[in-house]
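The numbers here are math on the coordinates, done by the rules we state, and not lab data. In this text the structure is predicted, and so the values were computed from the model without any measurement. Cβ: placed from backbone, ideal geometry, glycine included. Neighbour counts: every protein chain shown.
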Amino acid sequence: MKKALIAVIPVLLIVGVFVLPVVANDTLAKFDGGIGVIPVSSGQGTDATATTVTRNIVRGVQPAGQIWVIDDLEAQVTTDGRIQVKGEGLVLGGGKKVGRTTGQHVFATLICGAVAPYTEHHSHLAGVPLAPNGDFTIDDVLSPAPTTCDSPMLLIRNAANLNWFAAGILTSDDDSDDDDSDDD
């Protein structure tokens, strides 16, 4: 029995060396940190109040109507479409209800492609509730499940109207293909 066990251990170690990298490399995209939405990206005009504004549309997705801030965001998407997101402190950053979540539900969208037409992959559209302090967790499978994703963009969106509240900060070195235009 001991000889059989001693013979099996090296085999398991060798198999582990080859299997571990496969398991460890199933990450499609990883995000560390978040940016809250500022609904207007620029204003123009000579009056004291801007007469023309440019909405902060990201890859075809409309921004929320008010500023939102986020303290922290961590997310990982795997090649089988599994998405895990942990957000902290996603609250209004302005207006009459500043510092509150106002009962919102959020879902995640992974947008692939640097130029239109973009491919969107969503967690469950009903979303998860924001805690009163703005914390939330998403543990879901994206639909449709992506197998590849060129120039990944992660948006945290409002389940009620599909506008975006926050964006994830991509941690991989694979984000160098972005063009420098402001209309993404």
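Numerical summary
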| read-out | value |
| --- | --- |
| Computed lengthening from T46 to T119, 0.36 nm per intervening residue step minus Cα-Cα distance | 22.4 nm |
| Amide N of segment 111-136 lying under 16 Å from the label point, which is placed 7 angstrom from the Cα of I57 along Cα→Cβ | 115-119 |
| Stretchable slack from D150 to I35, in nm (0.36 nm times residue separation minus alpha-carbon distance) | 39.3 nm |
| Charge tally in the Cβ shell below 14 Å around G93, where Lys, Arg are +1 and Asp, Glu are -1, G93 excluded | +2 |
| Environment charge at A126 (Cβ cut-off 13 Å; Lys +1, Arg +1, Asp -1, Glu -1) | 0 |
| Contour minus Cα-Cα distance for N161 and D71 (0.36 nm per residue) | 30.1 nm |
| Three-way shape call for segment 27-170 based on the alpha-carbon gyration tensor, with the a/c threshold at 1.5 | oblate |
